[in-house]
Amino acid sequence: MKFSVEEFRSWENKKVTLLGMSGVGKTYLSTLLRDSQWFHFSGDYRIGTRYLDEPIMDMIKQQAMQVPFLKELLRNDWISIKNNIKVHDLGPVLSYIGKLGDPEQGGVELEDFIQRQACYRDGEIAAMHDVPSFIEKAQKIYGYQHFVNDVGGSLCELDEPSVIDTLVKHTMILYIQVTDKEEENKLIERAKSAPKPLYYRPDFLQEQLAVYLAENNLQYAAQMNPDEFTRWIFPRLFHSRIPRYEAIAGPHGYTVTSQEVAQVRDQNDFLELLETAIARAE
């Protein structure tokens with residue numbers, strides 16, 4: 001959706017999709033707005049509770065079945081296991097995606113990793129197509145006036161035009177851009193110090209994997225240290241996503257910086273920031 005400042009001010013039920021890398025402030029804004037009549041739709045929470053719940057449970061049960069004591073309990077239905085994902089704790093989703101590398105060091109073998117990545121992509125596409133129905137639910141069932149869509153950093157990787165079409169039709173796209181080199185370095189260093197599972201475009205993964213194996217004189221992905229590979233690839237992933245975010249925000253949305261987001265303290269600050277973004281685009 002595109003607006004003039006006046007049109008935005010008169011938009012009674014505001015609906016905003018936050019776009020950008022993990023760590024730029026999407027969840028910070030969403031959490032802040034939730035106390036001011038904004039429904040917080042978390043893409044990864046929806047993926048984990050709706051579209052990956054069964055694969056996550058199968059993964060957990062597979063691990064549990066390797067423990068004789070738990071195996072007996074599970075086979076006799078004496079215990080049950082629950083995926084207890086939370087909006088602010090997406091651990092089950094991250095555990096399912098996993099890190100590519102040596103299974104003995106906590107990694108996932110390449111074939112399994114590729115399959116999990118594909119499942120996550122399907123789940124993210126489906127979750128984004130759920131946005132219009134959740135906008136309606138937020139208003140009619142829960143009584144929220146406004147709606148904020150907190151999407152995963154991998155949205156720009158999906159290469160699925162229908163997702164962007166859906167979000168543009170029903171929400172205002174706000175891209176949170178990292179323009180300061182110091183901020184960029186902080187994000188990269190944070191990812192390196194505590195590497196988390198990530199989604200990669202298939203062609204990007206294969207290309208970078210070949211480079212990493214050659215640089216480290218390895219033959220197979222199963223020989224890699226999972227954390228080391230994740231640390232190595234993150235800066236490359238970060239920079240590869242920037243033009244993809246810009247290709248969405250340029251024609252379809254608005255752009256603010258992570259420094260501007262850091263200054264937002266309440267709903268009024270957020271609305272002023274959106275008006276500033278609209279005015280800049282005009």
* Most mobile of 247, 118, 214 per a Gaussian network model of the chain (Cα springs, under 10 Å)? -> 214
* To do: Select from 193, 68, 158 the residue farthest towards the positive end of the dipole of the chain; place +1 on Cβ of Lys and Arg, -1 on Cβ of Asp and Glu, and compute about the Cα centre.
  => 68
* **Projected area, mean over directions - region 6-281, Cα convex hull, nm²** => 16.3 nm²
* Structure fact -> Quick calc, region 6-281, dipole around Cα centre from Cβ unit charges on Lys, Arg (+) and Asp, Glu (-), nearest 20 debye, gives 460 debye
* Shape call, region 48-167: gyration tensor on alpha carbons, a/c limit 1.5 -> oblate
* Does anyone have the angle between helix 202-215 and the longest principal axis of the chain? Alpha-carbon axes, 0 to 90°, nearest 10? -> 50 degrees
* Which of 65, 57, 21, 1 has the fewest Cβ neighbours within 10 Å, and the rest in rising order -> 65, 57, 1, 21
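State the antiparallel share, in %, of DSSP beta bridges confined to the chain, rounding to the nearest 5.
Among the beta bridges of the chain, antiparallel pairing accounts for roughly 5 percent.
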* To do: Work out, step by step, the length gained on full extension between residue 180 and residue 76: first 0.36 nm times the residue separation, then minus their alpha carbon distance; give nm to one decimal.
  => 31.8 nm
* Among 160, 72, which comes first, second and so on when ranked by fewest other beta-carbon atoms within 10 Å? -> 72, 160
* Under 28 Å from residue 71, Cα to Cα: lysines that are on another chain or at least 8 residues apart -> 61, 82, 86, 99
* ³J(HN,Hα) computed for each position of region 35-51 - Karplus, 6.51 cos²θ - 1.76 cosθ + 1.60, integer Hz, glycine/proline x -> 7, 10, 6, 10, 7, 9, 9, 9, x, 5, 5, 5, 4, x, 8, 10, 9
* To do: Round to the nearest 10 and give me the degree value, 0 to 90, for the angle of helix 110-129's Cα axis relative to the longest principal axis of the chain.
  => 30 degrees
* Structure fact -> In deg cm²/dmol, rounded to the nearest 500, the helical mean residue ellipticity at 222 nm of the chain, built from -39500 (n - 2.57) for every DSSP H run of length 4 or more, is -17000 deg cm²/dmol
* Structure fact -> Contact order relative to length for the chain, counting C-alpha pairs under 8 Å separated by 6 or more residues, stands in percent at 33 percent
* To do: Would you mind checking the tilt of helix 161-170 against the longest principal axis of the Cα atoms of the chain, expressed as 0 to 90 degrees and rounded to 10?
  => 40 degrees
* Asked: Which residues in region 70-92 have a backbone N closer than 12 Å to a point placed 7 Å from the Cα of residue 64 along the Cα-to-Cβ line?
  -> 70-84
* Structure fact -> Distance in Å, no decimals, from the C-alpha centre of region 161-191 to the one of region 229-274 is 3 Å
* For 203, 130, what's the fewest-to-most ordering of other Cβ within 10 Å of each Cβ? -> 203, 130
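Each value in this text was obtained by applying a stated rule to the coordinates, not by laboratory testing. Treat the numbers as computed from the prediction; the structure is a model and nothing was measured. Neighbour counts are summed over all protein chains in view; Cβ atoms, including those assigned to glycine, are modelled from backbone coordinates with ideal geometry.
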